[in-house]
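Please read the structure below before turning to the comments.
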Amino acid sequence: MSIARFWRETPRRYNLGGSKCTACGTVYFPPRPVCPHCTHHRQSIEKMVPFQLSGSGEVVSYTVVHEAAEGFEMQVPYVVALVKTDEGPVLTGQVVDVEPDGVAIGLRVRATFRKLREEGQAGVIHYGYKFAPVDDPDRAPRGPPMAEVRAAPAATDRASA
């Protein structure tokens, strides 16, 4: 992923910024300009508002990866899960701070801010969300919850400085 594209996606990656339809109340991640849930999509035009997801939810499905994609070889085995957030959207993410056999459907998790990967020889480090268990106080996620993470300025803001 290019640096410019990564910076454009900063609000979603760093803060779980989605959108909510004020006509029907449905929450989306990533954000949408119109609501496909409304009977007539035009009902939602100019009624979609930014919405901050809490990052809390539960695992609804998962898989254990043993043959990793390039750049993730040192992490195997690792768990990738579908997490239904408390607000409704289902997100895909890696489950961390727990052994693969400790993950189960129904496990309560919280999004946490982590290093995702390094990009090639340039060494650019990409950060984003992963999920960590919250059921067991001894396995509480390290670091701040996603709602407390503040996004860096957009690439255009940095270029003009």
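The values are calculated or read from the model by the stated rules, or taken from the named source; none is laboratory data. Given the structure is predicted, the values throughout are model-derived calculations rather than measurements. Cβ atoms come from the backbone with ideal geometry, glycine included; neighbour counts cover every protein chain shown.
Annotations for the structure displayed:
- Which listed residue is under 19 Å from Gly18 (Cα atoms) and modelled with pLDDT under 90, from Pro36, Pro89: Pro36
- Strands (runs of 3 or more DSSP E) contained in the stretch 16-130 and holding at least 1 residues free of Cβ contacts under 8 Å to residues at least 60 places away in the same chain and in contact with a Pro (Cβ under 7 Å, 6 or more places away or on another chain): 17-21, 48-52, 56-65, 78-85, 108-119
- From the list Tyr78, Tyr14, the lone residue that is at pLDDT below 90, crowded, with 17+ Cβ neighbours inside 10 Å and aromatic (Phe, Trp, Tyr) is Tyr14.
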